[in-house]
Amino acid sequence: MLKGNVVVIEDDEITGILIKRIFEREFKFNFVLFRNGLEGLEYIQNNSPSLIILDIMLPGKNGFEILKELRESEAHKNTKIILLSAKSNSSDIERGFDLSADEYITKPFQQQEFVVRIRKLMRAS
Amino acid sequence: MLLLTTFLYLLVYTFWTRAKKKYWSRYKVKFRAMFMPLILDYIETANRQSDADDVIKKLTRRNEDIVLFLEILDEITEILNGDDRKKLNWLIKHALFDRFYRKKLYSNSVNAQLLACVYYSKSGYLNRKMTVRLISLISSRNTKVAYASAKVLQNSTNEYIRLNTLKSFFKRPDASSMMIGELLHLFHQNADKIYQMSGILLKQLLLQKDIPKDRKQLVIDYIAYHNLYEYSLFLRNYLQTVLYRFENKSLIVSLINALGELRVKEAGTLIRSYSTIQNAEIRICCVEALNQLGGSDNLSFITGMLLDIEFDVRKRIIQTLVQDPDNGHLLLEKFMLTYLKFVSKVWTSELPPNDMLVFINKLRSITTGIRITSANKALHFNPVQK
Amino acid sequence: MIQAIEWGIITYFLSLNSVYLLLVISSLIYIRQQMLLSDVVKPSSLFKSKVYKTISILVPAYNEAGNIIESVESLLRLEYPEYEIIVINDGSSDETIERLKDHFKLTKTELFYKQSIDHQPVRGIYKTAEIPNLTVIDKENGGKSDALNAGINVSDYDLVCSIDADSILEQDVLKKLIQTFVRHKDTIAAGGIVRVINGCKIVNREIKEIHVPDGFLGRLQSVEYLRAFLFGRVGWDYLKSLLIISGAFGIFDRKAILEVGGYSVDSVGEDIELIIRLHSHFLRSKKEYNIRFLPEPICWTEVPVDYKSLKNQRNRWHRGLADSLWRHKYMLFNPTYGRIGLLVMPFFLIFELIGPIIILLSYLYLGVLFFIPGYTSISFIVLFFAVSVIYGMVVSLISVLAEEIAYKTYSSTKDILILTAYSFIENMGYRQIHSYWQVLGIIDFIKGNKSWGKMERKGFKANSAS
């Protein structure tokens, strides 16, 4: 089983619970959840997660801003970051990849597919 | 004295309301804490429809519980799809809910009818008897009920029922454009339920006399937005039948826009004929449409419109030609060369007469516009045009 | 003779509070109607891009160096398909423009637009390729209206929004406001509910808890805002007679503003004046139009908490009202102007504008009564007390209650207790002093005072939890 620390920044209650269950079931990750962008970002900057899952529409600071700041910092240039969002316009997806996200998963998604993508991403490191 | 009693009554009522709300929100939290894991477990482990029964068994028949439960299911449908969604549907379509809401559908209370319609939109279940009832609800005095039942009817496997629903609903004066847009969207969705959509049904909406023009506009916008090319020639012919009158202005604008979006080359001549019309908004959309139709003839024609009397039209032409990836800028150059020669000739003689001055100022404004717009394009300062 | 005066006073207060009551009750009905499954009409399709018009947010800034970056950054976070922000630096004497240029890395550029409305000369326009929807205009000082007019000229979008630099907007406010334009065709202006941010707990730029302010004046204003803004305006809207949209946040159809010539530069109450002018123009030309109010909270603003600032603010508001009504006095009782001319403006004239004078005189009269030996008209005093103070309390309390029913935004019961208590206190002294300020305002207006006065502002940082 893959190991590591995952930080999830997501303000929707059910999505948060769902992702937590997925990680508990399929991976042996330490799981931390934040519902506010600024709080999540601060935590990330003081720790070194192996994986970050970001929603885009967040209070405090939105996902794109957080992604940009992380990629501009030395410590997190290469951390694996997945964007998870209900925003499914091609322009948003394009923007996500322009800002160097490793993956962009749109809601609604399938749990199995989600798991597969994470496995693939973590193995690539 | 009367006032004092009213006052005290209000005081008590306020606190009573708050207490009630507090109680319910605590209840809701407890309910969700209990059922969320159950539902999520179910999604992970269920194999058959009957597994849904196990979960439902734990639910009481209380009104509030059913509503809260469905709320959770609703939220999950926003997040999960595919196989997970299928299992979710087993839950949503369960007989318990169906019975609960079927009763409401036939009740006389507007609230109940609304709740029932909202449920059936999601569950997708529709039989003949319900259809009859829903059709009658479209004439309800309450807009939301009419809208909600129109939405449910878009689940019908009979395309004519879908269409006739739209016909009835679009006649209502209180239908908002958001509602209309949503219904049009649902009309084509789940079209796999319908064996085959026959031809261009939406044209009936455009030809119907008692549907207000602004609705027809939305239908046309919808057709354009979703690239329903099969409507191309119909729209061109339709434009020919619309007389130019003030009240038809928006309809004409929509039609020209649509013909541009759908790249209906056969409509070129027709659109050009609108380029001299009095209304600036129509002239602007001619420019945009001709630009979308493309081709050097159309672009030259647009350049020829550059001396338009309205600033907004000139600005749009300049923006269009500057943005054009091929020869737009060459046409602008040619324009400038032609007129600049003229201007310099005029200036070298004495001060030009007044009407000439207006013309020269227009030219000046145009050349300024070309300069600034081109510079901004190079610096990527132009936001994407809508 | 004395009888006449007394009956006059009683009638006045009775009618004033009854109208308020009517407004509050219609608001309540309307809001309940709206709330019934308001999410039935939720657009899920992508088609909404056709329905959502484009918006330019205009931010006039004068000496806002402290707040401006934070303000613009938060505006950039709004959720809306296509909108732009135009900041207009109105000849600030501090480093407003330098901070903007620095923080956003702006470069000077030119834009092609038509000078439809006149204003003080523009010194430069700044943009950056990284944030295509931000434009900063630097111009000579000309006042708020002048700055807004410059912004309107430069804007190329369907709707313009004027906002105070110290207002905080919710992220989905534009999506909410557009509903009004979608629901009612021919809408040319719309406003929404303004709430008091003092006392709210802001953590990490999120409004975590909503409480009443700590100070005496703050709490009074909370009740006042609920009554007058929240329910007063919604009520007027229900009766299709909206006259005022808050200056803190209002959204207008750009072409409509151009038609009437933009904001007026020499008016103190430019927001009211614009609305009245819009009514006047569209009624005269018999065009279909709608000016609506969205019964949902959209904007948070800081209210003054010291006596002097509050007094100045109310004085200015009242001068603004006087000025606007005076400019358009031709509309009063004039049938060409329909409901607005026949009912609404006279109401505002008699009850809102001149009202404070009558109120003060009534209290003076009451005071005088005590000095007349032997004169004891207990019934009058009791009746007076009933219609002015208690009736007022009832109306205020209903507003607090209505807020509970409709929104329940206050985080704790303690807040509601406080609000209830203050709906008492509001009527026992505050409204009377308020009338006094308003009378001063009228006097100042007649004298021709046009100043804005300073407001002591604590800024966003004071409200955040550290």
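The values are calculated or read from the model by the stated rules, or taken from the named source; none is laboratory data. Predicted, not measured: the structure shown is a model, and the values here were computed from it. Using ideal geometry, Cβ is built from the backbone for each residue, glycine included, and neighbour counts are taken over all protein chains shown.
For segment A:20-43, which positions are in contact (Cβ under 8 Å) with a residue 40 or more places away in the chain and β-branched (V, I, T)?
Answer for segment A:20-43, where residues must be in contact (Cβ under 8 Å) with a residue 40 or more places away in the chain and β-branched (V, I, T): just A:I22.
Look at C:Q171 and say whether it is touching a Lys or Arg at 6+ places or on another chain (Cβ under 7 Å), under 23 Å from C:I68 (Cβ atoms) and within 14 Å of chain A (Cβ to nearest Cβ). Spell out how you get there, then give the answer.
On the way: touching a Lys or Arg at 6+ places or on another chain (Cβ under 7 Å): yes; under 23 Å from C:I68 (Cβ atoms): yes; within 14 Å of chain A (Cβ to nearest Cβ): yes.
So C:Q171 passes the test.
Every residue in segment C:331-345 that is in contact (Cβ under 8 Å) with a residue 40 or more places away in the chain and of a type outside the set (K, R), please.
Our first condition is that a residue be in contact (Cβ under 8 Å) with a residue 40 or more places away in the chain; within segment C:331-345, this holds for C:331, C:336-341, C:343-345.
C:M331, C:T336, C:Y337, C:G338, C:I340, C:G341, C:L343, C:V344, C:M345, listed by residue number.
Please note which helices (runs of 4 or more DSSP H) are completely contained in segment B:56-145 and include at least 2 residues that are free of Cβ contacts under 8 Å to residues at least 12 places away in the same chain, under 18 Å from B:E44 (Cα atoms) and within 14 Å of chain A (Cβ to nearest Cβ).
Hits in segment B:56-145: B:63-79, B:83-92.
Return the residues of segment C:221-247 that are over 28 Å from C:S267 (Cα atoms) and in contact with an Asp or Glu (Cβ under 7 Å, 6 or more places away or on another chain); say none if nothing qualifies.
The answer is C:V223, and nothing else.
Between C:D323, C:D415, which is within 14 Å of another protein chain (Cβ to nearest Cβ) and in contact (Cβ under 8 Å) with a residue 24 or more places away in the chain?
From the options C:D323, C:D415, the qualifying one is C:D415.
Regarding B:E310, is this residue in contact (Cβ under 8 Å) with a residue 24 or more places away in the chain, surrounded by fewer than 16 Cβ atoms within 10 Å (Cβ to Cβ), over 29 Å from the mean Cα position of the chain (by Cα) and under 26 Å from B:M356 (Cβ atoms)?
Answer is yes for this residue.
Suppose the filter is buried (at least 22 other Cβ atoms within 10 Å of the Cβ), more than 14 Å from the chain's Cα centre (by Cα) and either within 14 Å of chain C (Cβ to nearest Cβ) or under 27 Å from A:Q110 (Cβ atoms) (or both); does A:G60 pass it?
For A:G60, the condition - buried (at least 22 other Cβ atoms within 10 Å of the Cβ), more than 14 Å from the chain's Cα centre (by Cα) and either within 14 Å of chain C (Cβ to nearest Cβ) or under 27 Å from A:Q110 (Cβ atoms) (or both) - is met.
In segment C:247-329, which helices (runs of 4 or more DSSP H) lie fully inside it and hold 3 or more residues that are within 30 Å of C:R32 (Cβ to Cβ) and touching a helix residue (DSSP H, G or I) at 6+ places or on another chain (Cβ under 8 Å)?
Details: elements: C:254-260, C:270-284, C:307-327.
By residue number, C:270-284.
Take the residues of segment C:267-307 that are in contact with a strand residue (DSSP E or B) (Cβ under 9 Å, 6 or more places away or on another chain) and aromatic (F, W, Y): which is farthest from C:H328 (Cα to Cα)?
C:W300
For segment A:93-116, does any single residue satisfy the condition of being at the interface with another protein chain (Cβ under 10 Å from one of its Cβ atoms), buried (at least 18 other Cβ atoms within 10 Å of the Cβ) and within 24 Å of C:V173 (Cβ to Cβ)?
So far as segment A:93-116 goes, no, none of its residues is at the interface with another protein chain (Cβ under 10 Å from one of its Cβ atoms), buried (at least 18 other Cβ atoms within 10 Å of the Cβ) and within 24 Å of C:V173 (Cβ to Cβ).
Return the residue satisfying two criteria in turn: it lies in segment C:110-121 and is in contact (Cβ under 8 Å) with a residue 24 or more places away in the chain and within 14 Å of another protein chain (Cβ to nearest Cβ), and of such residues it is surrounded by the fewest Cβ atoms within 10 Å (Cβ to Cβ).
Checking each candidate, the answer is C:Q115.
If the requirement is being more than 18 Å from the chain's Cα centre (by Cα), at positive phi and surrounded by fewer than 22 Cβ atoms within 10 Å (Cβ to Cβ), which of these qualifies: C:G338, C:G355? Walk me through it before giving the result.
Details: C:G355 fails: at positive phi.
One residue alone meets the criteria, C:G338.
Output the number of residues of segment B:14-37 satisfying the condition of being surrounded by 14 or more Cβ atoms within 10 Å (Cβ to Cβ) and aliphatic (A, V, I, L, M).
Qualifying residue count for the region: 1.
Restrict the check to segment C:139-146 and report whether at least one residue is over 16 Å from the mean Cα position of the chain (by Cα) and basic (K, R).
yes
If you check A:L41 against the conditions, is it modelled with pLDDT of 90 or more, within 13 Å of the chain's Cα centre (by Cα) and either farther than 30 Å from B:D83 by Cβ or within 14 Å of chain B (Cβ to nearest Cβ) (or both)?
yes
Pairs under 6 Å by beta carbon, first residue more than 10 Å from chain C (Cβ to nearest Cβ) in segment B:168-181, partner hydroxyl-bearing (S, T, Y) and crowded, with 20+ Cβ neighbours inside 10 Å, six or more apart or different chains?
none
Can you name the helices (runs of 4 or more DSSP H) wholly within segment B:161-262 that have at least 2 residues being touching a Cys at 6+ places or on another chain (Cβ under 8 Å)?
Because the criterion is at least 2 residues that are touching a Cys at 6+ places or on another chain (Cβ under 8 Å), the helices (runs of 4 or more DSSP H) in segment B:161-262 that meet it are B:249-261.
Which condition from (1) surrounded by fewer than 21 Cβ atoms within 10 Å (Cβ to Cβ); (2) of a type in the set (V, I, T); (3) farther than 18 Å from B:E78 by Cβ is the one that A:I17 breaks?
Unmet condition: (3).
Name the residues in segment B:15-55 that are without any contact (Cβ under 8 Å) to a residue 12 or more places away in the chain, outside any helix (DSSP H, G or I) and under 21 Å from A:I22 (Cα atoms), would you?
Within segment B:15-55, B:N47 is the sole residue that qualifies.
Applying the selection to segment C:123-133, what residues are of a type outside the set (S, T, N, Q), within 14 Å of chain B (Cβ to nearest Cβ) and in contact with an Asp or Glu (Cβ under 9 Å, 6 or more places away or on another chain)? Give the steps one after another, and end with the answer.
Keep residues of segment C:123-133 that are of a type outside the set (S, T, N, Q), which gives C:123-127, C:129-132.
Now drop any that are not within 14 Å of chain B (Cβ to nearest Cβ), which leaves C:124-127, C:129-132.
Within segment C:123-133, C:G124, C:I125, C:Y126, C:P132 qualify.
Please indicate, with yes or no, whether at least one residue in segment B:282-289 is of a type in the set (D, E) and more than 21 Å from B:E182 (Cα to Cα).
Scanning segment B:282-289 turns up at least one residue that is of a type in the set (D, E) and more than 21 Å from B:E182 (Cα to Cα).
How many of the residues in segment C:120-171 are in a loop (DSSP other than H, G, I, E, B) and either aromatic (F, W, Y) or touching a strand residue (DSSP E or B) at 6+ places or on another chain (Cβ under 9 Å) (or both)?
Let us first name the residues in segment C:120-171 that are in a loop (DSSP other than H, G, I, E, B), namely C:120-121, C:128-133, C:140-143, C:155-158, C:164-166, C:170-171.
Next, only the ones that are either aromatic (F, W, Y) or touching a strand residue (DSSP E or B) at 6+ places or on another chain (Cβ under 9 Å) (or both) stay: C:120-121, C:128-129, C:131-133, C:140-143, C:155-158, C:164-166, C:170.
Looking only at that region, the number is 19.
Quick check on B:G328: is it more than 20 Å from B:I372 (Cβ to Cβ), in contact (Cβ under 8 Å) with a residue 24 or more places away in the chain and either in contact with a helix residue (DSSP H, G or I) (Cβ under 8 Å, 6 or more places away or on another chain) or surrounded by fewer than 20 Cβ atoms within 10 Å (Cβ to Cβ) (or both)?
no
One residue is enough: does segment C:283-296 have a residue meeting the conditions in contact with a Phe, Trp or Tyr (Cβ under 8 Å, 6 or more places away or on another chain) and either under 26 Å from C:L78 (Cα atoms) or of a type in the set (V, I, T) (or both)?
yes
If I filter segment C:96-107 for residues that are under 30 Å from B:V313 (Cα atoms), within 14 Å of chain B (Cβ to nearest Cβ), without any contact (Cβ under 8 Å) to a residue 40 or more places away in the chain and part of a strand (DSSP E or B), do I get at least one hit? Steps first, please.
Initially, segment C:96-107 is screened for residues under 30 Å from B:V313 (Cα atoms), giving C:106-107.
When the remaining residues are screened for being within 14 Å of chain B (Cβ to nearest Cβ), the result is C:106-107.
Those left that are additionally without any contact (Cβ under 8 Å) to a residue 40 or more places away in the chain: C:106-107.
Subset that is part of a strand (DSSP E or B): C:107.
Checked against the condition, which is being under 30 Å from B:V313 (Cα atoms), within 14 Å of chain B (Cβ to nearest Cβ), without any contact (Cβ under 8 Å) to a residue 40 or more places away in the chain and part of a strand (DSSP E or B), segment C:96-107 yields at least one hit.
Considering only residues that are out of contact with any helix residue (DSSP H, G or I) (no Cβ under 8 Å at 6 or more places or on another chain), β-branched (V, I, T) and surrounded by 21 or more Cβ atoms within 10 Å (Cβ to Cβ), which ones fall in segment C:179-212?
C:T180, the sole residue that qualifies.
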